[in-house]
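To keep things clear, I will list the structure first and then write my remarks on it.
No value in this document is a laboratory result; all are computed from the given coordinates. Remember, it's a predicted structure, so these values are computed and weren't measured experimentally. Positions of Cβ are generated from backbone atoms using ideal geometry, with glycine treated the same way; all protein chains shown enter the neighbour counts.
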Amino acid sequence: MHILVTGCAGFIGSHVTEALLKQGDTVTGIDNFDDFYDHDIKHKNISASRANENFTLYINDLTDSSLLLDHIFRHHEFDAICHLAARAGVRPSIESPLVYQQNNVLATTNLLELAVKHGIDRFVFASSSSVYGDSALEYEALVEEDDALADYPISPYAASKRACELIGYTYHHLYDITFTALRFFTVYGPRQRPEMAIHKFTRNIMNGEKIFIFGDGESSRDYTYIDDCVDGVLAAIDQSDEDKANYRIYNIGGDQPIVLNDLIKLIEEETGKKATTERISDQPGDVLHTVADITNASNDLMYMPKVSMEEGIHRFVEWIRYG
């Protein structure tokens, strides 16, 4: 297959790109190398893929008009679009909401327009567990079929992801595009963005620097190791025509939520160092609890997370230490 991967130099995108190339697919990647974090990190992420003759990289902004992006689609015949590019981050979205609408909603609409124009009927979209807002109680699993759970996002980032899911349904309805949205639950592992909690906590603890804990530390997250996340993405891309649903949303989670205080203890044990902590008030837009019900992904995509939190943190600390 020939897959277009957007956000190919990012955390998840670079791993997905490598996995697709490894299984023999051809990949064309688009990334705008924005200033959200250091460009050098992204160039390093994508270095192995750039050495592969079956990979082509375009540095383009998906918020450009579809006409400006059309040259990419005219030069390649894609079997599927895997849209992983996005402006990420809950807290920054509160400060710059328009940036998130442009980079997430406008960009996704541009790609859907190009998919229609060029007859590409398979579209996999990276959504987020953030769409559920504060719907979940502690250890209450979030189910995709209950639309009401996702109708009250509490940050512009989450709202932009939910908007993209709904726009995807519109294009499915109008143009018979198969649209699969994957709601990722806090993905971590090598190449994780530097501002994310596990990355920041691990580096600060190893360097003897203070970490800040929002609230009482009793919030909980369903963390997903990057290898498990990639398995879910590839399964969604590779769904056979008779198995794939025309419009479907799947939770991609780790199936083992952990309380923040316990996560910090786990990092302390793995690094062999004690954290210096300071507690500060909860932040607007933060969700207290996330737990993924992965029944649908398990049934339809054969998705089953394999990496435990203990093993995942071990691998992550090893990556921080040795690269």
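Of all trypsin sites (Lys or Arg not before Pro) in the stretch 239-323, which ones are in loop regions per DSSP and have a Cβ with at most 11 other Cβ atoms within 10 Å?
On the way: sites: K244, R248, K265, K273, K274, R279, K306, R315, R321; in loops: K244, K273, K274, K306.
Those satisfying the criteria are K274, K306.
Got the relative contact order for the chain handy, in percent, Cα pairs under 8 Å and 6 or more residues apart?
Numbers: 609 pairs, mean separation 58.8, N = 323.
Computed value for the chain: 18 percent relative contact order.
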* Phi to ³J(HN,Hα) by Karplus 6.51 cos²θ - 1.76 cosθ + 1.60 over the stretch 246-256, Hz, x for Gly, Pro -> 6, 9, 8, 10, 10, 7, 10, x, x, 6, 7
* Quickly work out the E278-to-R203 label distance, labels modelled 7 Å from Cα along the C-beta direction, and quote it in nm with one decimal. => 1.8 nm
* Can you run phi through the Karplus equation (6.51, -1.76, 1.60; θ = phi - 60°) for the stretch 216-224 and list ³J(HN,Hα) in whole Hz, with x for Gly and Pro? -> 8, x, 9, 5, 9, 9, 8, 8, 10
* Asked: If you take the beta carbon distance between E95 and N54 as r and set R0 to 41 Å, what does 1/(1 + (r/R0)^6) give as a FRET efficiency, to the nearest 0.05?
  -> 0.55
* To do: Could you work out how far the C-alpha centroid of the stretch 126-185 sits from that of the stretch 273-315, in angstrom?
  => 18 Å
* Under the Karplus relation 6.51 cos²θ - 1.76 cosθ + 1.60, θ = phi - 60°, what is the ordered set of whole-Hz ³J(HN,Hα) values for the stretch 168-184, x standing for Gly and Pro? -> x, 5, 4, 6, 4, 5, 7, 10, 6, 7, 7, 10, 10, 9, 10, 8, 6
* Asked: To the nearest 10 degrees, how steep is helix 309-322 against the longest Cα principal axis of the chain, on a 0 to 90 scale?
  -> 90 degrees
* Please state the Cα pair-distance histogram of the stretch 34-129 with 5 angstrom bins from zero: what percent is in each bin? -> 2, 10, 19, 22, 21, 16, 7, 2, 0
* Asked: Here are some values of P(r) over Cα pairs in 20 Å bins from 0, in percent: [x] 26, 49, 21, 3, 0; [y] 33, 60, 7; [z] 25, 44, 15, 8, 6, 2, 0. Which one was computed from this structure?
  -> [y]
* Asked: Which residues' amide hydrogens lie under 5 Å from the amide hydrogen of D25, considering only partners 5 or more residues apart or on another chain, with H built in the peptide plane?
  -> none
* **5 angstrom amide H check on F214, placed H, neighbours 5+ away** => I280
* What's the tally of Lys pairs in the stretch 171-323 whose alpha-carbon atoms lie under 21 angstrom apart, where the two lysines are 8 or more places apart or on different chains? -> 9
